[in-house]
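Written below as structure tokens is the structure these notes are about.
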Amino acid sequence: MKLFKTEQGVFLQDNATVYKLAQQWDELVNRDGLFDFLTGVTATAEKVTDNKWQENLLPPISNQEVWAAGVTYLQSRDARVEESQTSGGSDLYKRVYDADRPELFFKSTPQRVVGHLQDVSIRKDSTWNVPEPELTLFINSKGKIQGYTIGNDMSSRSIEGENALYLPQAKTYDKSAAIGPCLYVISSPINKETIISIVIKRNGVSAYADKMPLSRMKRSLEELAGFLFRELTFPNGVYLMTGTCLVPPNDFTLQPLDVVEISIDGIGTLINTIAYNS
Ligand code: DO4
Ligand code: MG
């Protein structure tokens, strides 16, 4: 089942049937047994018969923070070891990949997040910019994973590569986080063999494309959620990006008007155009 947030309210898509729900986002999603609740709601909710509800999609978020995990795949570790050779930080990434404690960092407040078909930004003071396609968890206030979405952890590799302590500037700025198009709620945990893929189009032509199964992640999703909740509370639940495995070659950097398309089987495709913040 898929939950969409729009300017007209919250919509639930269950195969070919769409329902308009009476609940507000935060009270709807932050519960145990979200899948069972949504299954029950279909008995009484109003069915929608035209496609207008899809026209003004918002990111599937209200009062949730967005956090992110890093260096959870070998591909991310190796790229970062390389980018930080001259700054002397490369050992950090090898160590955190092998450590018990994962890298977790604050990514975005909800008002800085963009959704499907909205612009994501690159920093004007950065020379090397990439998207990071990431399976993104929705975890309720009790620490239980209730759903999944697609995340784009936009990153400045030049700023992070200059000094690992610049990570917050490389990662957190206006419109540096995209999530969507929906919150995907299923009865059992997402299949590890699910494929995540990316295409970056420049002038309508593919400039970079790649894909990988989620099973290549070194850590479990529950492990990441468990560390996040050790000493933090999230009254409305939280989104957690789980790290990237799809890294464009070192000579690739994003340009304004590039279109980033990230797909995860079952969830859909998140499409964003690159822009500078005004
Ligand atoms: O250590 C820096 C960030 C890593 C990251 O965002 C990722 O692996 O996806
Ligand atoms: Mg990332």
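Here, each number is a calculation from the coordinates, and none is a lab measurement. None of these values were measured; they are calculated from a predicted model. For neighbour counting, all protein chains shown are included, and Cβ atoms are generated from backbone atoms with ideal geometry for every residue, glycine included.
Of all residues in segment 177-192, those that are surrounded by fewer than 18 Cβ atoms within 10 Å (Cβ to Cβ) and either under 18 Å from the mean Cα position of the chain (by Cα) or closer than 13 Å to Val130 by Cα (or both) total 4.
Here the condition is being within 16 Å of ligand 2 (Cβ to nearest atom), in contact with a strand residue (DSSP E or B) (Cβ under 7 Å, 6 or more places away or on another chain) and closer than 30 Å to Gly243 by Cβ; of Ala79, Ala68, it holds for Ala68 alone.
Taking the stated definitions as given, is Met241 aliphatic (A, V, I, L, M), farther than 21 Å from Gly115 by Cα and surrounded by 17 or more Cβ atoms within 10 Å (Cβ to Cβ)? Break it down stepwise before answering.
On the way: aliphatic (A, V, I, L, M): yes; farther than 21 Å from Gly115 by Cα: no; surrounded by 17 or more Cβ atoms within 10 Å (Cβ to Cβ): yes.
The answer is no for Met241.
Here Asn56 fits the description: touching a Ser or Thr at 6+ places or on another chain (Cβ under 7 Å), away from ligand 2 (no atom under 16 Å from the Cβ) and under 20 Å from Gly151 (Cα atoms).
Restricting attention to segment 126-164, and to residues there that are surrounded by fewer than 19 Cβ atoms within 10 Å (Cβ to Cβ) and closer than 16 Å to Trp67 by Cβ, which single residue is nearest to ligand 1 (Cβ to nearest atom)? Filtering first and then ranking leaves Ile145. Taking segment 5-21 as the range and being assigned to a loop (DSSP other than H, G, I, E, B) and either buried (at least 20 other Cβ atoms within 10 Å of the Cβ) or not aliphatic (A, V, I, L, M) (or both) as the test, the residues that pass are Glu7, Gln8, Asn15. Residue count for segment 193-207, restricted to those that are more than 16 Å from ligand 1 (Cβ to nearest atom) and crowded, with 17+ Cβ neighbours inside 10 Å: 3. Of the strands (runs of 3 or more DSSP E) that lie entirely inside segment 196-278, those containing 3 or more residues that are more than 27 Å from Val96 (Cβ to Cβ) span 205-213, 259-264, 268-276. Taken together, the residues in segment 140-176 that are within 13 Å of the chain's Cα centre (by Cα) and more than 14 Å from ligand 2 (Cβ to nearest atom) amount to 4. Of all residues in segment 87-106, none satisfies being more than 13 Å from Val71 (Cβ to Cβ) and buried (at least 17 other Cβ atoms within 10 Å of the Cβ).
Here is a yes/no grid of residues against (1) surrounded by fewer than 20 Cβ atoms within 10 Å (Cβ to Cβ); (2) closer than 30 Å to Thr17 by Cα; (3) within 20 Å of the chain's Cα centre (by Cα):
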{"position": "Thr39", "(1), (2), (3)": "yes, yes, no"}
{"position": "Thr44", "(1), (2), (3)": "yes, yes, no"}
{"position": "Val71", "(1), (2), (3)": "no, no, yes"}
{"position": "Ser76", "(1), (2), (3)": "no, no, yes"}
{"position": "Val81", "(1), (2), (3)": "yes, no, no"}
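Given the structure, is Ile122 away from ligand 2 (no atom under 16 Å from the Cβ) and of a type outside the set (Phe, Trp, Tyr)?
Details: away from ligand 2 (no atom under 16 Å from the Cβ): no; of a type outside the set (Phe, Trp, Tyr): yes.
Against the criterion (away from ligand 2 (no atom under 16 Å from the Cβ) and of a type outside the set (Phe, Trp, Tyr)), Ile122 does not qualify.
Can you find even one residue in segment 103-116 that is on the phi < 0 side of the Ramachandran plot, away from ligand 2 (no atom under 16 Å from the Cβ) and of a type in the set (D, E, K, R)? No - not one qualifying residue is present in segment 103-116.
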